[in-house]
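Readers should treat all values here as calculations from the given coordinates under stated rules, not as data from a laboratory. The structure presented is a predicted model; accordingly, all values stated were derived computationally and were not measured. With ideal geometry, Cβ positions are generated from the backbone for all residues, glycine too; neighbour counts draw on all protein chains shown.
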Amino acid sequence: MSTLNFLNQQASVVASRLLGCIVEREIDGQTIAVKIVETEAYDQTDAASHSYRGKSPRSSVMFGPSGHLYVYFTYGMHYCCNIVTGPGGVGSAVLIRAVEPIKGIKYMQKIRNKNDVNLSNGPAKLCQALKIDKTLNGHYLAKPPIKLVIQPPIESEDIIRTKRIGISEAKEKPWRFYIKNNPYVSRIE
DNA sequence: AGCGGGATTTTCT
DNA sequence: GAAAATCCCGCTT
């Protein structure tokens, strides 16, 4: 049993609880640390989810155990990363949409060739900043080179819950969560 | 500040 | 063959 146990519940619950948690990435002898500030939940009953039409080669990781990374490629050029949630046997995950850099900022500036909020205020941007690609698809987040470090929950009054971004189905589900007043959030209402 | 198009590949119809 | 859980740049106001 690991500290990642809480991931084994429904995605919309986990999405909120992941706010404020830290991701540690080891790459090229460097350690990068970021704080999760924006998430979206996707589950199998959800027409916007990659798991909605059942298991496929791309989405198969979503159907596996919670605590693993689901990385997908989209728009011909971008990766996005999700944390697989539970309960077991169900295709569900939480998309990490934005993070706040904590450590290794110079390294991220170099890879991204950008500064400030543009380092990581979007799902494809943060994947580039953390060098996340398909080789990490399915990685378990309790061990290097990329780990999830749980932090105390964010106060509920500091969590904003809204509709998700960039989808054409199930637009009304309020399954996007972000930390109030955090400058790295990809977009405010 | 806001709109519009291009990049470019995986997946599903 | 089209759309996709996106981003960036250049153009217009």
- Sum up the charges of everything whose Cβ sits under 10 Å from the Cβ of A:GLU100, counting Lys and Arg as +1 and Asp and Glu as -1, but leave A:GLU100 out. 0
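In the neighborhood of A:ASN118, defined by Cβ-to-Cβ distances under 14 Å, what is the net charge if each Lys or Arg adds +1 and each Asp or Glu adds -1?
Numbers: positive: A:LYS110, A:ARG112, A:LYS114, A:LYS125, A:ARG187; negative: A:GLU100, A:ASP116.
Neighbour charge sum, excluding A:ASN118 itself: +3.
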- Query: Can you work out the FRET efficiency for the pair A:PHE6 and A:ILE165, with r the C-beta to C-beta distance and R0 = 25 Å, to the nearest 0.05?
  - Reply: 0.50
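What's the FRET efficiency of A:ILE102 with A:ARG187 using the Cβ-Cβ distance as r and R₀ = 25 Å, to the nearest 0.05?
On the way: r = 22 Å, r/R0 = 0.87.
After rounding to 0.05, the efficiency reads 0.70.
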- Could you calculate the contour length gain from A:ILE150 to A:ASP28, that is, 0.36 nm times the residue separation minus the distance between their Cα atoms, to one decimal place in nm? 41.5 nm
- Among A:GLY88, A:GLY64, A:SER12 - extreme Cα towards positive end, dipole of region A:5-179, charges at beta-carbon: A:GLY64
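Ranked from highest to lowest mean number of other Cβ atoms within 10 Å per residue, what is the order of the peptides A:35-43, A:154-162, A:54-62?
On the way: A:35-43: 25.7, A:154-162: 13.3, A:54-62: 15.4.
Going from most to least packed, we get A:35-43, A:54-62, A:154-162.
Starting from the alpha-carbon convex hull of chain A, give the projected area averaged over all orientations, in nm².
Numbers: hull surface 40.5 nm².
Computed as one quarter of the Cα hull surface, the answer is 10.1 nm².
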